[in-house]
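The values are calculated or read from the model by the stated rules, or taken from the named source; none is laboratory data. Not measured: the values here are computed from a predicted model. Don't worry about glycine lacking a Cβ; one is built from the backbone with ideal geometry, like all the others, and counts go over all protein chains shown.
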Amino acid sequence: MLFDVGGTLLRGRPEVSPRERSLAQLAARFGERDWYGPLLDADLLTSMLADDPAEPLRQRTLEMVRRWLRERAVPDDAIDLEELRRVCVVPGSVSGELAPGAGAALVWCREHELRTVLVSNTLWSAAEDFLSDLGSLGLAGLIDGVVTSHSVGYRKPHPAIFEGALAIAGVAARDAVMVGDEPYQDVSGAQRLGMRGVWLRPPGPRPIPVGEPSDFAVTPDAQIESLAELPEVLERWLR
């Protein structure tokens with residue numbers, strides 16, 4: 001079982017601003033700097049995806065941050081960029097909460113001896129950041145591994161991030177299921193490798209992710225409106 005994180009397993013807390021949290025963390029660690037806000041507001045994702053036309057889903061967060069700083073004449077040798085990245089991370093247990101049915105779905109997967117890996121597109125978060133937060137989310141013992149686009153260097157729907165998850169799970173694509181709220185990133189990426197894709201339909205209009213083709217279309221193997229519906233789908237496929 002492969003699960004997307006944001007919008008699928010986790011829902012944001014409206015009272016928490018990840019940007020303001022990151023700003024506070026940066027100021028506490030490095031002192032006040034007037035470029036923190038502009039950096040957090042910068043559209044680094046669009047810049048990254050346009051940076052390498054041959055590999056439009058390639059992700060190099062630290063390289064893009066280095067370029068951004070240099071373009072604004074900010075000395076990039078005064079701060080360790082990897083440490084800067086870590087300080088920008090706002091844990092999911094702080095900024096979000098488990099989506100309805102998420103905990104029960106993960107317990108069901110564990111009870112049915114299904115290995116479970118989280119697969120997430122992130123700008124700042126590495127796999128180890130997610131792993132260190134599992135206990136605070138109440139997911140200790142329910143997750144076998146994590147892959148993020150920052151750690152892998154490629155964003156969903158690129159095959160590399162899914163292949164990393166399959167390697168952790170130790171299964172072939174035909175024996176895996178991907179669950180996510182994004183048809184382009186989650187469902188189509190999984191299906192192209194031979195996995196089944198389950199679309200968790202978001203409650204409101206779906207924002208179009210960066211990089212999605214204008215003529216994009218996909219047919220999920222199953223559609224659900226809550227993770228509480230997932231065990232019934234999996235039961236049918238397991239039979």
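Can you tell which of Thr122, Thr116 is within 13 Å of the chain's Cα centre (by Cα), at pLDDT 95 or above and not assigned by TED's automatic domain parsing to the domain that holds Asp52?
Thr122
Go through the range 39-61 and count every residue that is within 18 Å of Pro159 (Cα to Cα) and of a type in the set (A, V, I, L, M, F, W, C).
Let us first name the residues in the range 39-61 that are within 18 Å of Pro159 (Cα to Cα), namely 48-49, 52-60.
Imposing the further condition that a residue be of a type in the set (A, V, I, L, M, F, W, C) reduces the set to 48-49, 54, 57.
Qualifying residue count, the range 39-61: 4.
Check Pro213 against each of (1) out of contact with any helix residue (DSSP H, G or I) (no Cβ under 6 Å at 6 or more places or on another chain); (2) under 24 Å from Arg155 (Cα atoms); (3) surrounded by 16 or more Cβ atoms within 10 Å (Cβ to Cβ) and name the one condition it does not meet.
The number of the failed condition is (3).
Quick one: which of Glu83, Glu128 is at pLDDT 95 or above and in contact with a Lys or Arg (Cβ under 8 Å, 6 or more places away or on another chain)?
So the residue among Glu83, Glu128 that is at pLDDT 95 or above and in contact with a Lys or Arg (Cβ under 8 Å, 6 or more places away or on another chain) is Glu83.
Checking the conditions here, which among Glu15, Glu63, Glu55, Glu32 is under 25 Å from Leu131 (Cβ atoms) and surrounded by fewer than 16 Cβ atoms within 10 Å (Cβ to Cβ)?
Glu63
Is it true that some residue in the range 33-42 is of a type in the set (Ser, Thr, Tyr) and within 30 Å of Pro213 (Cβ to Cβ)?
no
Report, ordered by the first and then the second residue, all pairs with beta carbons closer than 7 Å, sequence separation of six or more or different chains, a first member in the range 45-57 that is closer than 20 Å to Ser151 by Cβ, and a second member that is hydrophobic (A, V, I, L, M, F, W, C) and modelled with pLDDT of 90 or more.
Leu45/Leu123; Ser47/Met64; Met48/Met64; Leu49/Leu57
Collect the residues in the range 3-32 that are closer than 26 Å to Ile79 by Cα and touching a residue at least 12 places away in the same chain (Cβ under 8 Å), keeping them in residue-number order.
Going through the range 3-32, the residues closer than 26 Å to Ile79 by Cα turn out to be 17-32.
Hits for the range 3-32 are Pro18, Arg19, Arg21, Ser22, Leu23, Gln25, Leu26, Arg29, Phe30.
Can you pull out the residues in the range 154-196 that are part of a loop (DSSP other than H, G, I, E, B) and either touching a Lys or Arg at 6+ places or on another chain (Cβ under 9 Å) or over 20 Å from Thr8 (Cα atoms) (or both)?
Filtering the range 154-196 down to residues part of a loop (DSSP other than H, G, I, E, B) leaves 155-158, 170-172, 176, 181-182, 194-195.
Matches in the range 154-196: Arg155, Pro157, His158, Gly170, Val171, Ala172, Ala176, Asp181, Glu182, Gly194, Met195.
Any chance you could count how many residues in the range 116-138 are in contact with a strand residue (DSSP E or B) (Cβ under 8 Å, 6 or more places away or on another chain) and farther than 30 Å from Met64 by Cα?
So the count comes out to 3.
Looking at (1) part of a loop (DSSP other than H, G, I, E, B); (2) closer than 21 Å to Val94 by Cβ, which one does Glu212 not meet, given that it meets all the others?
Glu212 satisfies every listed condition except (2).
Looking only at the range 35-49, which residues are among the aliphatic types (A, V, I, L, M) and either in a loop (DSSP other than H, G, I, E, B) or over 19 Å from the mean Cα position of the chain (by Cα) (or both)?
Of everything in the range 35-49, those that are among the aliphatic types (A, V, I, L, M) and either in a loop (DSSP other than H, G, I, E, B) or over 19 Å from the mean Cα position of the chain (by Cα) (or both) turn out to be Leu39, Ala42.
Within the range 69-117, count every residue that is touching a residue at least 40 places away in the same chain (Cβ under 8 Å) and among the acidic types (Asp, Glu).
Residues meeting the conditions: 2.
Tell me whether the range 14-34 contains one or more residues that are of a type in the set (A, V, I, L, M) and under 18 Å from the mean Cα position of the chain (by Cα).
no
Scan the range 50-89 for residues that are within 21 Å of Arg29 (Cα to Cα), among the acidic types (Asp, Glu) and not in a helix (DSSP H, G or I) and jot them down.
Once the filter is applied, which keeps residues that are within 21 Å of Arg29 (Cα to Cα), among the acidic types (Asp, Glu) and not in a helix (DSSP H, G or I), the range 50-89 yields Asp76, Asp77, Asp80.
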